[in-house]
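The values are calculated or read from the model by the stated rules, or taken from the named source; none is laboratory data. Just so you know, these numbers come straight off a predicted model, no measurement behind them. Reconstructed Cβ throughout: ideal geometry from the backbone, glycine too, with neighbour counts over all protein chains shown. The area values use the complete protein model at the heavy-atom level, side chains included, leaving out ligands, DNA and RNA. Shrake-Rupley method; radii C 1.70, N 1.55, O 1.52, S 1.80 Å.
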There are 2 protein chains.
Amino acid sequence: MKLINRDVDYAARALTFMARANKPTVSVAQMQEQVGVSGPFLRKIMQKLHKAGIVHAVKGKGGGFAMARNPDKVTLKQLMETLQGPLRLNDCVFGEKICQRHAACVLRHKIAGIESRLLAEVAAVTIKDLA
Amino acid sequence: MKLINRDVDYAARALTFMARANKPTVSVAQMQEQVGVSGPFLRKIMQKLHKAGIVHAVKGKGGGFAMARNPDKVTLKQLMETLQGPLRLNDCVFGEKICQRHAACVLRHKIAGIESRLLAEVAAVTIKDLA
DNA sequence: GGTTAATGATACCACACGGGTATCATTCTG
DNA sequence: CAGAATGATACCCGTGTGGTATCATTAACC
Ligand code: FES
Ligand code: FES
């Protein structure tokens with residue numbers, strides 16, 4: 001059971017790096033050594049962050065990426081949602097069609113509670129906390 | 001990100017069934033319809049639970065499985081550990097060898113905190129709660 | 001305007017894992 | 001001995017994840 005995958009891990013590092021850098025833009029080439037990952041792979045991650053509006057990108061020579069919001073406005077939860085898909089820990093493994101117990105299912109109920117508390121926790125961690 | 005997988009889900013149902021049944025032993029054949037899973041698959045799960053000492057097994061005609069402890073002594077955490085491996089949400093994705101920052105890493109620190117609270121939650125849910 | 005340095009967009013690959021089935025061996029009851 | 005149950009394995013297959021490669025596009029600088 002993984003809470004976060006590598007994408008999220010690398011993204012957290014890259015963003016932390018950017019937050020500390022305090023430059024207008026940071027290129028992948030400048031980050032890759034510190035982050036400790038190959039250039040192409042890091043680019044793919046940054047592109048996803050770009051699509052999600054977490055960073056903005058400047059193309060062309062001298063370009064790179066920059067944070068689109070303040071570091072304390074970017075949460076771990078957002079990174080997880082962006083890079084590993086929507087965060088539903090467990091809706092019933094069987095579709096609601098098959099499962100008659102859905103409403104009454106105690107296990108699902110318990111897990112829903114755990115889930116909501118977990119989400120609150122990952123939403124409370126920001127890049128600022130990491131930098 | 002899945003909190004529990006199907007094995008755990010089915011196991012929870014099967015154990016709940018057994019807890020309510022209150023018979024000396026329950027065979028897979030008796031459970032499979034209620035649990036909603038094929039016989040062979042459920043057997044594989046039960047065998048793992050047996051190895052883990054959560055149920056005991058009686059072979060031969062008239063045999064089956066029975067809970068080895070009281071339902072309030074079997075926790076969701078134990079099922080998860082048994083059926084999906086040890087529960088470390090995230091030790092550093094890179095081995096400790098590569099990662100120099102291990103001790104200082106803020107992200108790891110945050111996640112460790114989240115993890116311990118999550119484990120406490122899954123350890124608090126017992127089969128008795130579900131039955 | 002051409003070269004170079006950067007991102008954008010895809011397409012692809014290889015491996016591990018999860019979910020599930022099949023098969024044969026073993027043990028107990030009657 | 002026959003039948004009913006678990007024990008132990010071995011296998012399969014679809015999907016997800018980590019990672020690479022390639023080409024297109026944009027902007028700066030000489
Ligand atoms: S099994 Fe479907 S909700 Fe519990
Ligand atoms: S990256 Fe290794 S512990 Fe943070």
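Numbers at a glance
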item	result
Of the criteria (1) within 12 Å of DNA strand C (Cβ to nearest atom); (2) surrounded by 13 or more Cβ atoms within 10 Å (Cβ to Cβ), which one B:VAL55 fails	(1)
In region B:12-52, the residues that are assigned to a helix (DSSP H, G or I) and touching a Lys or Arg at 6+ places or on another chain (Cβ under 8 Å)	B:ALA19, B:VAL28, B:GLN34, B:VAL35
Conditions (1) more than 30 Å from B:LEU76 (Cα to Cα); (2) modelled with pLDDT of 90 or more; (3) open to solvent by 80 Å² or more (accessible area, probe 1.4 Å); number of the one not met by A:VAL74	(3)
